[in-house]
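The values are calculated or read from the model by the stated rules, or taken from the named source; none is laboratory data. Everything numeric here is computed off the predicted structure, so don't read it as measured data. Using ideal geometry, Cβ is built from the backbone for each residue, glycine included, and neighbour counts are taken over all protein chains shown.
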């Protein structure tokens, strides 16, 4: 390698190290400097309501309820962002795992929701792949949960899980009969804190698909969605075959 290339590579590595340090500083600020005053807001508002709530009119009590609900929501968002940041540092080595086991565990975790929605779920016999078993299970669980959740009122979810492969990648598809996603949102929904539906009708933070995207990046893969409003959605994700593992 020439001296010029070595110098450029060293510069890039230095910039990456600087960006990583800035990112770690940001995570620290979010997890410590913001969390402490937020806990104070929650604590003191609860003390005020407990001591003086009987003296307040309905409007004032409602204001304190909004303060408490808002601070609780921010706390949940901070914890989600902290969890998201931890995905950037993977210490557990990849290993050979059975995707059928991951899907079975995901379905078990979602059993109550599956029963409540009277969902029908079919799944191909899936391959063994290389990856992080906990992350792959989370990936399947979140995508299946989305298919169960984003449904028209009274509609029974019908979900299918399939896969194909080529020389380089495993390709999985999760298809449902849900409400679908607007064309202008099919890329935005994979970003942090972005959602494709009303939070009033479908509560949530907009973090799940960002987690999924980050997990797939760790597995040298990606994800996309094909959809029509009111005609369901198909999430397609790829995972590289040739990943380093134990």
Flagged in segment 102-130 as more than 20 Å from the chain's Cα centre (by Cα), without any contact (Cβ under 8 Å) to a residue 40 or more places away in the chain and not in a helix (DSSP H, G or I), in numbering order, are 118, 120, 122, 123, 124, 125, 128
Within segment 135-166, which residues are without any contact (Cβ under 8 Å) to a residue 12 or more places away in the chain and out of contact with any strand residue (DSSP E or B) (no Cβ under 7 Å at 6 or more places or on another chain)? 153, 154, 166
Can you name every residue in segment 131-175 that is surrounded by fewer than 16 Cβ atoms within 10 Å (Cβ to Cβ) and in a helix (DSSP H, G or I)? 134
Go through the residues of segment 45-64 one by one and say whether even a single one is under 26 Å from the mean Cα position of the chain (by Cα), modelled with pLDDT under 80, in a helix (DSSP H, G or I) and surrounded by 12 or more Cβ atoms within 10 Å (Cβ to Cβ). no
Kindly check whether there is at least one residue in segment 161-168 that is at pLDDT below 90 and touching a helix residue (DSSP H, G or I) at 6+ places or on another chain (Cβ under 8 Å). no
